[in-house]
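The structure appears below as structure tokens.
The values are calculated or read from the model by the stated rules, or taken from the named source; none is laboratory data. Being a predicted model, the structure only gives us computed values, none of them experimental. Using ideal geometry, Cβ is built from the backbone for each residue, glycine included, and neighbour counts are taken over all protein chains shown.
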Amino acid sequence: MSGHDRYQSPLVTRNASDAMCRLFGARQRICTWRRLWLTLAKTQQSLGLSISNEQIDALESTLDDVDFDVAATYEKKLRHDVMAHIYAWGDKAPEARGILHMGTTSAFIVDNADLVIMRKAMWRVANCLAAIIDALGHFADDHKTRATLGFTHYQPAQITTVGKRAALWCWDFVRDLEELESRIAALRFRGVKGTTGTQASFLQLFDGDHDKVEKLDRLLAEAFQFEHIEPITGQTYSRKVDAQIITTLGQIAVSVHKFANDMRLLANLKEMEEPFESSQIGSSAMPYKRNPMRCERATGLARFVLSLIQSPYQTAAEQWFERTLDDSANKRLSIPEAFLATDGMLRIVLNVTKGLVVHPKVIERRLNAELPFMASEEILMAGTTAGGDRQELHEKIRTHALAAGNRVKRDGLDNDLIERLKNDSAFKGVDFAQVLDARRFIGRCPEQVRAFIAKHVDPIRKRFPDLQNLESTLSV
């Protein structure tokens, strides 16, 4: 049966990077299991257990020689995936069969491997976030003085700049990266805890020597470069850990959704667009269309990640006493798919942010259509300074503004407020060219962007020096 005859996850075939797919692939998982078994045996040997160098050599020489077909045959018979791979490796290294998995339960292998793989996946996400932050930082700096119409309630509001708006998107991603880095730093190794977390089996192996049991736990954590170890567990680490990690991915999904939605709105306004390739088709029926398909995909993936948050929390809540097995089938779905979808949506955002298209003339036209209303206070003050009566000028502006507004909304014509005011002798002393300079209305946008980049973006660039090497092309 070919790959075209069976369902294949679009997360793998269309969205996630090859690197992330490999992280959650069977080979990475089982090879991580084997490294845990090997490190356990070597550490147990160093602490005095009867394990020979020949047994260690047998494991090392066959470490990556995984026969998945043999393991599948064993699992069909044993109905236990961990034991199936113990048997399969034992066939490859019969000298070491007797010392494999000594003193441990399956959770030692599965839980610690999951933590190792999730940490690698989080670093992958962190690097992608840093690259997006870098790209948005450059874009914000390039456009920090370009005035554009701001919106609240999706209604015209005060003027901002294109760069300031990009800095807002960027700040959300900076928050996400900071939380993710904190999550990585705080991640604890499950370690060697035994069947119900009591470490009784290891205490027996070491003839009641508590110090050796603690040292075994510590050395294994160090071997896998974990600074912290779970201080106490049942059979598994608390499933709240998974829930917290997926929640962090959910926070990233919120930022992606916000950015992608804003870009979709800007595409409708024709002020900004995502990259559009020369041979790209926007619509099968309407050849003229330039649909924001990248940002639409990112929105859909973000929504999927947000939907996954609930599952790990339910799993954590459902664990009975020291553990139940209803977590396993759920974890095999919710954890990898959350990471694959997160990786996929970030790849899209990185691709978009590296190729953002700005249409200055459209921005200026929309800005000029609204600027007369926004400049009314400036016009009022200029007229007063030129010797006019403030209250009379206020009433004249109000009357002209209502008339101009009706012309725009009722008749579909251009805003002629400025022409009306220019033709009103009460405003003959006003320099309208100066008053209507949009740069007068952007406040501290350029200064805010500069300060934001210096304080929040540049340090990330220093922590992640290889940002330009991160792949930003899409699979489809």
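Quick notes on this structure:
- Verdict on VAL408 being under 51 Å from the mean Cα position of the chain (by Cα), outside the structural domain of GLY150 (by TED's automatic domain parsing), surrounded by fewer than 18 Cβ atoms within 10 Å (Cβ to Cβ) and not aromatic (Phe, Trp, Tyr): yes
- Of everything listed in (1) within 18 Å of ILE184 (Cα to Cα); (2) not in a helix (DSSP H, G or I), the single unmet condition for THR248 is (2).
- Note on the range 1-115: enclosed helices (runs of 4 or more DSSP H) holding 2 or more residues that are within 34 Å of the chain's Cα centre (by Cα) are 18-23, 26-46, 81-92.
- Each residue in the range 148-165 was checked for being outside any strand (DSSP E or B) and without any contact (Cβ under 8 Å) to a residue 40 or more places away in the chain, and 1 pass.
- Annotation for the range 257-270: no member residue is touching a strand residue (DSSP E or B) at 6+ places or on another chain (Cβ under 8 Å), crowded, with 19+ Cβ neighbours inside 10 Å and more than 28 Å from ARG175 (Cα to Cα).
- The residue list LYS144, LYS92 contains one member that is surrounded by fewer than 21 Cβ atoms within 10 Å (Cβ to Cβ), basic (Lys, Arg) and in contact with a Ser or Thr (Cβ under 7 Å, 6 or more places away or on another chain), which is LYS92.
- Leading residue by the ranking (surrounded by the most Cβ atoms within 10 Å (Cβ to Cβ)) among those in the range 430-476 that are part of a helix (DSSP H, G or I) and of a type in the set (Phe, Trp, Tyr): PHE452
- Members of the range 65-97 found to be in contact (Cβ under 8 Å) with a residue 24 or more places away in the chain and of a type in the set (Gly, Ala, Ser), listed by number: ALA71, ALA93, ALA96
- Whichever residue in the range 1-34 is closer than 30 Å to SER61 by Cβ, free of Cβ contacts under 8 Å to residues at least 60 places away in the same chain and among the basic types (Lys, Arg) and, among such residues, is surrounded by the most Cβ atoms within 10 Å (Cβ to Cβ): ARG34
- Test for LEU129: is it touching a Lys or Arg at 6+ places or on another chain (Cβ under 8 Å), closer than 29 Å to VAL241 by Cα and part of a helix (DSSP H, G or I): no
- Considered as a group, the residues in the range 133-147 that are in a helix (DSSP H, G or I) and touching a Cys at 6+ places or on another chain (Cβ under 8 Å) include one that is nearest to GLY344 (Cα to Cα), and that residue is ILE133.
- Unique residue being farther than 26 Å from GLU273 by Cβ and either basic (Lys, Arg) or touching a residue at least 40 places away in the same chain (Cβ under 8 Å) (or both) when the list is LYS409, LYS354, LYS361: LYS409
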